[in-house]
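Enquirer: Right, I'll just put the structure down here and ask away after.
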Amino acid sequence: MTQPLRNAAIVAHVDHGKTTLVDALLRVSGAFHAKQAVAERAMDNMDLERERGITILAKATAIEHRDHRINLVDTPGHADFGGEVERSLSLIDGILLLVDAAEGVLPQTRFVLSKALARRLPCVLVINKIDRKDARAAEVLDEVYDLFIDLGAEDDALEFPVFFTDARKGLCRTSPDGEDSDLAPLLDTLLEHFPAPEDDPAGPLQFHVTSLDHCEYLGRLSVGRVRSGRLAVGDPIVRLGREGQTGPVRIAALQRYSALKRTSIEEASAGDIVIVTGFDEVEIGDTLASPDDPQELPRLHVDEPTIAALFRVNDSPFSGRDDSRVTSRELKARLENELLKDVSLRVEATETADAFSVSGRGELHLGILIERMRREGYELCIGRPEVLTKEDENGKLLEPFETVLIDVPEDLVGTVTGGLGPRKGQLIGMTGAGSGRTRLEFEIPSRGLIGYRDEFLTATRGEGILNRLYAGHRPWAGDIPQRKSGALVADRPGKATTYAIEALQERGKLFVRPGDEVYEGMIVGENAREDDLDVNITKEKKLTNMRSSTKDATTTLSASHGIELEPALAWIKNDELVEVSPSSLRLRKRFLKMADRPKRKKKVTT
Ligand code: GDP
């Protein structure tokens with residue numbers, strides 16, 4: 001007999017204790033043996049996720065309890081990964097919503113929750129970290145009810161079970177002042193409150209491919225839910241894809257999630273979330289079916305990309321210095337590989353073989369891909385991100401708009417509205433006045449948000465939270481002021497000198513430090529004026545100069561600063577690129593040679 005199942009997703013803002021809770025639940029279920037380090041983390045986040053405060057990729061685990069197995073899928077916490085959220089939710093029948101007892105519901109959670117409610121998924125709420133000194137569990141519970149109502153939840157959706165937990169100690173209670181117990185009652189409730197899968201094991205095989213993975217030994221792995229029928233290693237299957245049917249091939253291997261690993265299994269049946277090996281050419285959204293009765297499942301809906309940027313081979317003189325992957329073949333293969341896993345992404349060829357137009361759900365989506373590629377040892381140049389416009393039936397130009405939800409300390413409301421005004425943001429709602437923190441809701445063209453995230457984090461001293469949801473394409477909002485200033489461009493290769501930097505500081509803000517290597521056409525700073533200025537940043541002090549060398553060595557650079565990816569992408573103009581390599585980020589002119597650049601200003605010597 002097959003083991004009874006539940007399929008659930010865990011929805012939480014990063015740092016609210018998801019990993020800790022899953023660890024604790026696995027311990028209750030006996031998944032950890034004495035020798036296994038309890039510190040081992042089930043849904044450990046990638047470094048990048050931690051840095052950016054969001055979960056990017058959905059992962060999964062499984063918890064055994066009272067002879068049942070609960071497949072627990074992680075959900076990404078950001079609207080830029082809308083496609084991923086939809087797919088995670090398509091796998092499951094209930095959500096475990098986890099909220100920090102002090103921080104309460106943060107706007108990021110709102111997006112996933114709105115999608116879950118739209119699917120009428122039952123919810124179990126866990127308010128975690130009740131041991132925190134600043135915990136305000138009862139208030140947070142009210143906030144969750146308010147949020148559900150705000151999101152248009154039906155009355156019955158409000159009747160969710162609530163647990164208050166200290167995930168670190170593995171304790172829970174059912175009221176803020178109730179008795180503590182271990183986490184078994186929480187697991188019991190997941191079994192009671194979430195429905196068992198109703199997929200029919202006697203039907204024809206239908207397996208919905210929801211995400212893809214790769215394994216060195218097995219090759220391409222299709223992760224998804226068996227929607228109907230059964231499948232076993234060695235069975236023939238066909239693939240129903242965008243271009244029709246392929247196969248049959250035999251199932252080479254089957255796996256399922258179990259605690260911290262995947263385990264090989266011989267067969268699986270309807271309702272289970274499993275990993276199938278067989279087809280290498282599979283795409284997300286495909287159906288794997290029986291050759292005798294192939295029936296396709298509806299393809300998964302994925303939000304359209306809103307923003308595109310040029311990814312091209314790095315042809316700067318420093319290309320290849322990091323011993324990195326630099327060829328157009330490598331770049332193409334890497335992007336194609338990403339397409340297999342990320343359905344919200346599009347990659348299109350351009351007129352030249354060494355450049356691709358890559359579109360995604362926002363600059364963060366593209367930024368994270370670039371950052372991942374860089375960490376994997378790729379090197380490339382990126383152009384300025386542009387929004388993807390459309391025309392309506394009357395030929396009117398439409399651009400993507402977003403709803404932006406902002407949560408800031410009260411005294412920063414003016415700063416935020418002041419910052420979003422020129423970007424064509426319209427304030428459409430404000431709540432929480434008098435409570436210390438204010439929630440603001442804006443509607444704004446995606447174009448106006450390019451580069452805003454960084455400005456926002458600085459302006460709110462890191463205390464603000466910003467979440468954005470695609471709101472649809474709407475009529476073009478008109479001019480949004482872009483960077484007016486020109487660039488300071490190196491006119492020759494060499495090393496930046498303190499002497500030259502000091503002399504150029506009055507002309508604008510510099511991006512290089514003494515000793516940094518530069519090449520002709522590299523942008524070394526921002527000109528205070530509108531034109532670009534070619535400068536010699538490598539100029540040495542003349543011997544006749546009377547200043548002492550000690551003074552030179554201790555000169556401090558007020559304006560020099562490092563460059564970060566997303567602000568750099570927002571800063572560049574159309575004739576400029578960001579050069580990304582594993583060890584560095586540089587800005588450059590598209591045309592490096594002075595003579596190739598049309599509108600340059602006369603050369604200036606320091
Ligand atoms: P995740 O990002 O949601 O996976 O969060 P983690 O599980 O990594 O937890 C984030 C931080 O909160 C860690 O330092 C945990 O030790 C801490 N934490 C988790 N649960 C609790 C809890 O119940 N009480 C307290 N005080 N801290 C907790």
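Enquirer: Among all the aspartates and glutamates, which ones have a C-alpha under 19 Å from residue 495's C-alpha, if same-chain residues fewer than 8 places away are not counted?
Expert: Counting by Cα, and skipping residues close in sequence, residue 495 has these aspartates and glutamates nearby: 322, 516, 517, 520, 526, 534, 540, 552, 579.
Enquirer: Let me ask something else. Kindly identify the chain as rounded, prolate or oblate by the Cα gyration tensor criterion: order the square roots of the eigenvalues as a ≥ b ≥ c, call it rounded if a/c is under 1.5, otherwise compare a/b with b/c, prolate if a/b is larger, else oblate.
Expert: prolate
Enquirer: Among the listed pairs 332/424; 509/589; 509/593; 115/396; 424/484; 332/396, which have their C-alpha atoms separated by more than 28 angstrom in this model?
Expert: Check vs 28 Å cut-off fails for 332/424; 115/396; 332/396.
Enquirer: On the accessible surface of the chain, probed at 1.4 Å, how many percent belong to carbon and sulfur atoms?
Expert: 48 percent
Enquirer: Would you mind checking the tilt of helix 107-118 against the longest principal axis of the Cα atoms of the chain, expressed as 0 to 90 degrees and rounded to 10?
Expert: That works out to roughly 40 degrees.
Enquirer: Hey, another quick one. Only Lys, Arg, Asp and Glu count, each charged at its Cβ (+1, +1, -1, -1), so figure out the dipole size of the chain about its Cα centre, rounded to 20 debye.
Expert: The dipole magnitude comes to about 2840 debye.
Enquirer: On a full-extension model of 0.36 nm per residue, what is the gain between residue 252 and residue 213, subtracting their alpha-carbon distance, rounded to one decimal in nm?
Expert: Residue separation times 0.36 nm, minus the Cα-Cα distance, leaves 12.5 nm.
Enquirer: Now for a separate question. Mind listing the phi-derived Karplus ³J(HN,Hα) values for the stretch 324-339, rounded to whole Hz, using 6.51, -1.76 and 1.60 with θ = phi - 60°, and x for any glycine or proline?
Expert: Computed from phi, the couplings for the stretch 324-339 are 9, 8, 10, 7, 5, 5, 5, 5, 4, 5, 5, 5, 5, 5, 5, 4 Hz.
Enquirer: Run lengths n ≥ 4 of DSSP H only: what is the helix-derived mean residue ellipticity at 222 nm for the chain, with -39500 (n - 2.57) per run over all residues, to the nearest 500?
Expert: -6000 deg cm²/dmol
Enquirer: For the stretch 206-351, with only Lys/Arg (+1) and Asp/Glu (-1) charged at the beta-carbon, what is the dipole magnitude about the Cα centre, in debye rounded to 20?
Expert: Roughly 300 debye, rounded to the nearest 20.
Enquirer: Okay, moving on. How large is the charge dipole for the stretch 444-546, taken about the Cα centre, if only the Cβ atoms of Lys, Arg (+1) and Asp, Glu (-1) carry charge, to the nearest 20 debye?
Expert: 260 debye
Enquirer: In square angstrom, what is the accessible area per residue of the chain with a 1.4 angstrom probe?
Expert: Spelled out: the 1.4 Å probe surface of the chain, per residue, equals 44 Å².
Enquirer: Sum up the charges of everything whose Cβ sits under 13 Å from the Cβ of residue 458, counting Lys and Arg as +1 and Asp and Glu as -1, but leave residue 458 out.
Expert: Spelling it out: positives minus negatives among the neighbours equals -3.
Enquirer: How far is helix 184-193 tilted off the main Cα axis of the chain, in degrees rounded to 10, range 0 to 90?
Expert: Between helix and principal axis, roughly 80 degrees.
Enquirer: Hey, what angle do you get for helix 363-375 against the long axis of the chain, alpha-carbon based, 0 to 90 degrees rounded to 10?
Expert: 80 degrees
Enquirer: Considering Cα pairs under 8 angstrom that are at least six residues apart, work out the relative contact order of the chain and quote it in whole percent.
Expert: Answer for the chain is 10 percent.
Enquirer: Alpha carbon centre of the stretch 391-416 versus the stretch 1-28: separation in Å?
Expert: Cα centres, the stretch 391-416 to the stretch 1-28: 35 Å.
Enquirer: Determine the gain in length on full extension of the stretch residue 333-residue 200; use 0.36 nm per residue of separation and subtract their C-alpha separation, reporting nm with one decimal.
Expert: 44.0 nm
Enquirer: Give the percent of DSSP beta bridges with both residues in the chain that are antiparallel, rounded to the nearest 5.
Expert: 80 percent
The values are calculated or read from the model by the stated rules, or taken from the named source; none is laboratory data. Since the structure is predicted, the reported quantities are computational estimates derived from the model, not experimental observations. Positions of Cβ are generated from backbone atoms using ideal geometry, with glycine treated the same way; all protein chains shown enter the neighbour counts. Note: accessible area is taken over every heavy atom of the protein model, side chains too, but ligands, DNA and RNA are not part of it. Shrake-Rupley method; radii C 1.70, N 1.55, O 1.52, S 1.80 Å.
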